[in-house]
Structure formats: structure tokens, C-alpha cells
Amino acid sequence: MTSNTDTTATELAGLSATTLLRFATAGSVDDGKSTLVGRLLHDSKSVLTDQMEAVEHASRSRGGEGPDLALLTDGLRAEREQGITIDVAYRYFATPRRRFILADTPGHVQYTRNMVTGASTADLAVVLVDARNGVIEQTRRHAAVAALLRVPHVVLAVNKMDLVEYAEPVFARIAEEFTAYAADLGVPEITAIPISALAGDNVVEPSSNMDWYGGPTVLEHLETVPVSHDLTGCHARLPVQYVIRPGTAEHPDYRGYAGQIAAGTFRVGESVTVLPSGRTSKVAGIDLLGEPVDVAWTPQSVTVLLEDDIDVSRGDLLVPSSDTPPTSQDIAATVCHVADQPLTVGQRVLLKHTTRTVKAIVKQIPSRLTLDDLSQHPNPERLVANDIGRVLVRTAEPLALDAYADSRRTGSFLLIDPADGTTLAAGMAGEAFAKPVGSATGAADAAVPADDQGWDF
């Protein structure tokens, strides 16, 4: 494959971005998330015949009069038995206008970490609200998580409108309250749609019961919403995953650095810097699918060749010399704790950032966020499962992290238990929300006792 001079990298990447939408659903228990997803799949004709037959059989065995579309996504046995969503269910479907990757996330408070997993890569979040109950605590929690993860688009789906007689004032009141709350969190775009997932109103087809609503259906909005974050225009970053040195007679001196471009564009002849070492060189060549190209962009997997023989290994980061992020051993971030065991001040962890994993110590936990009212609880000393809080981490080696607001790929990281490899927390470097919320009095750096295992940095 060679470079196409008729099509720029930005145009190709833009085409790819607009034909694939990653979105997540969220909402309180029994708000109808799985039913909405099932309705989307069914009415867009994305369900295979044998899948539909299995759902109809399961619905009859549970005494239902018709097919329970929620069963299309509730795949775990415990989910079917309890009628709730427990784990993140991923579904892939397509319409003539766009391809979709959907994450149906749980609604229970104790599964907040699962929503973080599902929404971390989403371009859009659909937050459901029961029209009878309006905006409740869990609705605000999910809006806060979407804002925290910098999800660019949020859809408020006011469900079960059939149970409030399709009343426009009910919808207007809920939409106004939610929009004001989400806007205060810094959510850039909010679209409110009145629906009935069970009856199919405004999900795929417009509703004749709500002629007062003139906006798009859920599917129409999903098909047309612009995926505006063009990663080809972001800070160019290539985490090195593997060093290729075949050492064959055909390629005796070949030395290439392979990885997936996390953001931006790389070109032959461009000056690049290797982080954290700071060594510089120029791009001598780029191989894509075994063929040389002049330019490559996210999310392509490529092999980059440099003009100079410098020390580059797995975990290093290639960046343009004109756009280098700062390196530091002290990282301030917001984390969502996902493990059952707590995260405590002084705890020794592994920090995984792109392809690099280093030793680290949790030096301080300045605050824990209360998602109910967005208040900050100062100096909690520990975070437990589903907690979201600020942490200060000291790493054994310098890392080059972008702010999460600038790059969701290179601004995120994982904290891992070095004993068994369990993921403890998902981290986002820099400020948490687009707008400051809550307040907490910061504490002085907590004293961490030295140890004799080389973990006191």
C-alpha cells in the first residue's frame, strides 16, 4: 500500500471517524436501558433470526406475552434471572449510514466502575431517565461520570413516556433540569429525546403519540451526530510496542519501531524526539502493512524507521520534536477505583501508561468525589470500589503524560497490583472536569516510610 496523493490523511481519518460511532448507555435500575438497546437492534433489523427466536422462547418461559427485547443484551444468566444488567454488554451493529459499537452499562451504584469501563472510549453517552421519576441521584452520577471521562456528546433519553400519557410538560421539566446540571459539569453537547423503548416511540421511527416533538429519533441522532474530535489534529504520539530487527540477508540493518499511532500524524523527514530519554532523530521511513508510505495517522499500526541508531525500546514514546509533552515522576490525576481491595496512601503499585509499565507509590489521596452532589471529601486516606478521587503518584521513572482533556489515549493510565496483576484503578491525568466542581482543602504530602525494596522514589 502506498500513499494516496489524491486523499489527505485528515480526509481519510475523518471518513473513518464519521462511519463508526462508539456509544454507551447508562441510567438507573429499571429505566429501560436494555430494552432501548434491544429496540434499536430489533427495529434497525440488526438481530439474527435465531437470536430473535431464542429471545421469544425465553420470554414465553418467563410468562411474557411478547418478546422481551432486553434479553438481547442481558447475556449473563444472573442478568436474565434478576432482570438487571450486571456487566458491560458490547454489541456491534450497522445501518446504511453508520457502524456502531455499543456498550450497555449497568445501572446499580455498585457497578459504577463498569460504566467507567464502557464509557471510557465512547464518543457519545445515552443517559436514560424514567419519565415518572425524573432526574434522580443515579442520573446525576452517570452525568458526572460522562463529564469526567470527557464524553463529547450526551443524549438524554426520557423513557416510558407512554406511562405519563406522552405529556410534553413532563419531558420539558426533566430536560431542563438535566441540561442545567450537565452543563454545569462542562458537558459540551446535550440532546434530549422523549421515547418509549417498550412501544418503540422515537427510538427508530418517529412517534405519532408525540407530535409536539420535532427533533430526531434516537437512531437518527446516532447516525448523524458529528464525531468532532479528529485525532489527526491532536498531539502526534506513537507508543513503541516492539522493536523489529529481522537480521536477515535481505534486511541486515533493518531496525524499525512498531506500534499503533495513538494520536496525530507522522511524516517521513519529520524531526522526532524519543521520550523519556529526550534523544532526537528524523523519520527515515514508515512501513504500513509491509509497504512504505510517506505519511501515517491514528489509529494505524505502523513501523517507523529513524535516520540515527539511537536507543529506543518498548515503552518509549515517539513525538514530534516541535510538540513534546513534559516528562515527570510526579503525576496528579483523577482515578476511578475498580478493584474490591482498597487503594491506600503509601501503597506500592505498577503504573501502566500506553506500552510502558513502571513502579510507583501512591503518595497522597487529597480528596474523594461524592457524585451525588459533586462535593469533595478531603483526605480520605483510601479509595474503595467505585470511588472516584484525586491522587498524587510518584513513579520510579519519568513518564510523558498528556492531560486527559487533550488526549484520552495518552492522558490515561492504569494502576496495577504488583502482587497479582489486578487492575486497581483507571486514571485520568490533569484536571477532572471541564469546569471546576466542589472544593476540598488539600493536605500536605503524606509521609511515606522508606523501604528496602527500592520503591521509595
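Determine whether residue 152 is under 30 Å from residue 337 (Cβ atoms), in contact with a strand residue (DSSP E or B) (Cβ under 9 Å, 6 or more places away or on another chain) and open to solvent by 30 Å² or more (accessible area, probe 1.4 Å).
no
Where residues in the stretch 291-309 are in contact (Cβ under 8 Å) with a residue 60 or more places away in the chain and open to solvent by 60 Å² or more (accessible area, probe 1.4 Å), which of them is nearest to residue 238 (Cα to Cα)? Talk me through it step by step, then tell me what you get.
Let us first name the residues in the stretch 291-309 that are in contact (Cβ under 8 Å) with a residue 60 or more places away in the chain, namely 291-299, 302, 304.
With open to solvent by 60 Å² or more (accessible area, probe 1.4 Å) added as a condition, the list becomes 291-292, 294, 299.
On the way: 291: 19, 292: 17, 294: 16, 299: 10 Å.
So the residue we want is 299.
Going by what's in this entry, would residue 209 be described as of a type outside the set (Gly, Ala, Ser), more than 25 Å from the chain's Cα centre (by Cα) and buried (at least 21 other Cβ atoms within 10 Å of the Cβ)?
no
For the stretch 118-140, does any single residue satisfy the condition of being out of contact with any strand residue (DSSP E or B) (no Cβ under 7 Å at 6 or more places or on another chain), assigned to a helix (DSSP H, G or I) and under 13 Å from residue 24 (Cα atoms)?
no
I need the full set of residues from the stretch 285-315 which are of a type in the set (A, V, I, L, M) and assigned to a loop (DSSP other than H, G, I, E, B), in order please.
Hits for the stretch 285-315 are 289, 310, 312.
Kindly provide the set of residues from the stretch 246-269 that are out of contact with any Asp or Glu (no Cβ under 8 Å at 6 or more places or on another chain), open to solvent by 50 Å² or more (accessible area, probe 1.4 Å) and at pLDDT 90 or above, ordered by number.
260
Residue 243 fails exactly one of the following numbered conditions: (1) touching a Lys or Arg at 6+ places or on another chain (Cβ under 8 Å); (2) in a strand (DSSP E or B); (3) open to solvent by less than 10 Å² (accessible area, probe 1.4 Å); (4) aliphatic (A, V, I, L, M). What is the number of that condition?
It fails just one condition, (3).
Looking only at the stretch 316-330, count how many residues are buried (at least 19 other Cβ atoms within 10 Å of the Cβ) and in a loop (DSSP other than H, G, I, E, B).
So the answer is 2.
What number of residues within the stretch 345-404 satisfy the criterion of being under 30 Å from residue 136 (Cα atoms) and not basic (Lys, Arg)?
Here the count works out to 25.
Of these, 399, 383, which one is open to solvent by less than 10 Å² (accessible area, probe 1.4 Å) and over 25 Å from residue 326 (Cβ atoms)?
Matching residue, one of 399, 383: 383.
Could you please find all residues in the stretch 356-394 being β-branched (Val, Ile, Thr), out of contact with any Asp or Glu (no Cβ under 8 Å at 6 or more places or on another chain) and modelled with pLDDT of 95 or more? Lay out the reasoning, then the answer.
So in the stretch 356-394, the residues β-branched (Val, Ile, Thr) come out as 357-358, 361-362, 365, 370, 384, 388, 391, 393.
From the residues that got through so far, the ones that are out of contact with any Asp or Glu (no Cβ under 8 Å at 6 or more places or on another chain) too are 357, 362, 370, 384, 388, 391.
357, 362, 391, listed by residue number.
The values are calculated or read from the model by the stated rules, or taken from the named source; none is laboratory data. Bear in mind that the values here come from a model prediction, so they are computed numbers and not experimental data. So basically every Cβ, Gly included, is an ideal-geometry build from the backbone, and we count neighbours across all protein chains shown. Remember, those area values only see protein heavy atoms, side chains included, never the ligands or the DNA or RNA. Shrake-Rupley method; radii C 1.70, N 1.55, O 1.52, S 1.80 Å.
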